[in-house]
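Enquirer: Quick one: structure below, then a few questions.
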Amino acid sequence: MPLEAYRRGSVWWVKGRIEFEGRPISDYLRVSSGASSEEGARAFITETTTRAIREHIVGTEAAFTWDDAVMLYDAKAAEAGFLLKIHEHLTGSLVRDIAPQTVRDLCPKIYPTASADTWKRQVITPVSAVINNAHDLGKCAPIRIKGFSAAQRVAQDEKRGKQSRQKKRPGDWGWIDSLRDTASPYLMAGIEFMFETGARIGQVVAIRPKDLDLPNRRVWIIAQKGHPAQWVAISQEMMVTLANLPPRRPHNRKTNQRLPARVFGYGDRSGFTAALRTACKRAKVDYRSPHAAGRHGFYTELRVRQGIDPITAAAMGRWARASLPDSVYAHAEADEGAIRAAIRTNRVQVISKGKVSAMKPKGKSG
């Protein structure tokens, strides 16, 4: 018999076989529709029947939809927000019809004033992840979506009136010290910890009192960006700072509740970042993001200012490959004018030496 809905407790279930042109095309089904009303159960029957008939006619892969792919994907919280906006445009689409250009064309529709880098992060990457996850499960073909070219990135920057990929200014001790009169002890300790260890802001705000091993001068940080959770050594000065910093329970404004105690007193990166902006404004110094002040500052301090070799510097910052931080996190700090002058100075010296050499007698005069 064809599918029919029936009530079982507070939930409606479905039983029967899916039929096409009067013939069953499925085994006998007895499944929950998940609906609390008969109307919801009938909608479930319609969706299930439509999908089964499509698969029966064109095959499983050809009938596989974006909605099917999303249901198979275990999205993280941040990804879920991106996927909700994407879903409005792709729902009902067959995966085989979603071409790379289709996805790129979605970017300006969803985020008209965003940068090309944001488009890649919030549209291209999530769509690729969903479809390729389904491919790994044998449901569809994989997809490879190229990002945007440099020319396209510049064109979008001109259109939105804002430059992307602005050069980060790394933290340094002079900048850090300028905040001591305007930043709280918790903010100062967090900035110094990031600058000293190269830890990321997400790792810093997650540190709990039990993550401290002060007698051995080390702190446990959570896994992030492909790096495993691990102990990180700290200096004697940082050990003293943390020993004198009472753990604080952050206030969650959304729920009006106190969160479990955190070493640096912030519940998330947004609270830390807002406090840093305020401190910079009051101190009348340039704002530097936690990532620029911390991880970029850490590596630039070691490589550029102190001349530590790249292998050691990368290892201390927990990078897997030494080539990556040198190309991204090391920032040149020499004055450009001085460099140009040095080039000219060297030329003058060479010319001068040539003149002197030409004036030297080559032998005794007769």
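Enquirer: Being surrounded by fewer than 21 Cβ atoms within 10 Å (Cβ to Cβ) and in contact with a Gly (Cβ under 9 Å, 6 or more places away or on another chain) is the filter here; which residues of segment 276-295 pass it? Full working, then the answer.
Expert: Initially, segment 276-295 is screened for residues surrounded by fewer than 21 Cβ atoms within 10 Å (Cβ to Cβ), giving 277-278, 280-287, 289, 291-292.
The one that is surrounded by fewer than 21 Cβ atoms within 10 Å (Cβ to Cβ) and in contact with a Gly (Cβ under 9 Å, 6 or more places away or on another chain): Ala292.
Enquirer: Before we move on, is Ser149 surrounded by fewer than 20 Cβ atoms within 10 Å (Cβ to Cβ), more than 17 Å from Leu245 (Cα to Cα) and either touching a Cys at 6+ places or on another chain (Cβ under 8 Å) or not assigned by TED's automatic domain parsing to the domain that holds Cys107 (or both)?
Expert: Details: surrounded by fewer than 20 Cβ atoms within 10 Å (Cβ to Cβ): yes; more than 17 Å from Leu245 (Cα to Cα): yes; either touching a Cys at 6+ places or on another chain (Cβ under 8 Å) or not assigned by TED's automatic domain parsing to the domain that holds Cys107 (or both): no.
In short, no.
Enquirer: Look at Pro108 and say whether it is closer than 30 Å to Ala150 by Cβ, assigned by TED's automatic domain parsing to the domain that holds Ala150, out of contact with any strand residue (DSSP E or B) (no Cβ under 6 Å at 6 or more places or on another chain) and assigned to a loop (DSSP other than H, G, I, E, B).
Expert: Working: closer than 30 Å to Ala150 by Cβ: yes; assigned by TED's automatic domain parsing to the domain that holds Ala150: yes; out of contact with any strand residue (DSSP E or B) (no Cβ under 6 Å at 6 or more places or on another chain): yes; assigned to a loop (DSSP other than H, G, I, E, B): no.
No, not satisfied.
Enquirer: Of these, Ala114, Ala63, Ala141, which one is assigned to a loop (DSSP other than H, G, I, E, B), touching a Lys or Arg at 6+ places or on another chain (Cβ under 8 Å) and free of Cβ contacts under 8 Å to residues at least 40 places away in the same chain?
Expert: Working: Ala114 fails: free of Cβ contacts under 8 Å to residues at least 40 places away in the same chain; Ala141 fails: free of Cβ contacts under 8 Å to residues at least 40 places away in the same chain.
From the options Ala114, Ala63, Ala141, the qualifying one is Ala63.
Enquirer: Then there's this: Taking segment 177-190 as the region of interest, how many residues are of a type outside the set (Gly, Ala, Ser) and touching a helix residue (DSSP H, G or I) at 6+ places or on another chain (Cβ under 6 Å)?
Expert: The initial filter retains those residues of segment 177-190 that are of a type outside the set (Gly, Ala, Ser), namely 177, 179-182, 185-188.
If we keep only those that are touching a helix residue (DSSP H, G or I) at 6+ places or on another chain (Cβ under 6 Å) as well, we get 179, 182, 187.
Looking only at that region, the number is 3.
Enquirer: Let me ask another. Just to be sure I understand, how many residues within segment 249-266 are touching a helix residue (DSSP H, G or I) at 6+ places or on another chain (Cβ under 7 Å) and either surrounded by 17 or more Cβ atoms within 10 Å (Cβ to Cβ) or among the polar types (S, T, N, Q) (or both)?
Expert: Of segment 249-266, the ones touching a helix residue (DSSP H, G or I) at 6+ places or on another chain (Cβ under 7 Å) are 250, 261-266.
Okay, now just the ones that are also either surrounded by 17 or more Cβ atoms within 10 Å (Cβ to Cβ) or among the polar types (S, T, N, Q) (or both), so 250, 262-266.
Residues meeting the conditions: 6.
Enquirer: Across segment 296-330, what is the number of residues that are in a helix (DSSP H, G or I), exposed (fewer than 15 other Cβ atoms within 10 Å of the Cβ) and of a type in the set (A, V, I, L, M, F, W, C)? Steps first, please.
Expert: Filtering segment 296-330 down to residues in a helix (DSSP H, G or I) leaves 296-305, 310-316, 323-328.
Subsequent filtering for residues that are exposed (fewer than 15 other Cβ atoms within 10 Å of the Cβ) retains 305, 311-312, 315, 323-324, 327-328.
Of the ones still in play, those that are also of a type in the set (A, V, I, L, M, F, W, C) are 311, 315, 324, 328.
Residues meeting the conditions: 4.
Listed here are the residues, each with its yes/no results for (1) of a type in the set (Ser, Thr, Tyr); (2) in the same structural domain as His135 (by TED's automatic domain parsing); (3) within 22 Å of the chain's Cα centre (by Cα); (4) buried (at least 17 other Cβ atoms within 10 Å of the Cβ).
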site	(1), (2), (3), (4)
Thr50	yes, no, no, no
Ala75	no, yes, yes, no
Ala78	no, yes, yes, no
Ile86	no, yes, yes, yes
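Enquirer: Can you tell me which residues in segment 193-219 are in a helix (DSSP H, G or I) and surrounded by fewer than 21 Cβ atoms within 10 Å (Cβ to Cβ)?
Expert: Step one: filter segment 193-219 for residues in a helix (DSSP H, G or I), giving 193-197, 201-205, 209-211, 214-216.
The answer is Glu196, Gly202, Pro209, Lys210, Asp211, Leu214, Pro215, Asn216.
Enquirer: Out of the residues in segment 242-277 that are in contact (Cβ under 8 Å) with a residue 40 or more places away in the chain and of a type in the set (Val, Ile, Thr), which is farthest from Leu214 (Cα to Cα)? Even if it seems obvious, please write down each step before you answer.
Expert: Just the residues of segment 242-277 that are in contact (Cβ under 8 Å) with a residue 40 or more places away in the chain, to begin with: 242, 245, 248, 260-269, 271-273, 275-276.
Still in the list and also of a type in the set (Val, Ile, Thr): 263, 273.
Values: Val263: 12, Thr273: 26 Å.
So, considering only residues that are in contact (Cβ under 8 Å) with a residue 40 or more places away in the chain and of a type in the set (Val, Ile, Thr), the one farthest from Leu214 (Cα to Cα) is Thr273.
Enquirer: Confirm whether Ser33 is touching a Phe, Trp or Tyr at 6+ places or on another chain (Cβ under 7 Å) and among the polar types (S, T, N, Q). Quick ask: steps written out before the conclusion?
Expert: On the way: touching a Phe, Trp or Tyr at 6+ places or on another chain (Cβ under 7 Å): yes; among the polar types (S, T, N, Q): yes.
Yes, satisfied.
Enquirer: Looking at this structure, is Arg169 of a type outside the set (Ser, Thr, Tyr), in a helix (DSSP H, G or I) and closer than 30 Å to Glu333 by Cβ?
Expert: Working: of a type outside the set (Ser, Thr, Tyr): yes; in a helix (DSSP H, G or I): no; closer than 30 Å to Glu333 by Cβ: yes.
When the stated conditions are applied, Arg169 does not pass them.
The values are calculated or read from the model by the stated rules, or taken from the named source; none is laboratory data. Source: prediction; values computed, not measured. Neighbour counts run over all protein chains shown; Cβ positions are idealised from the backbone, glycine included.
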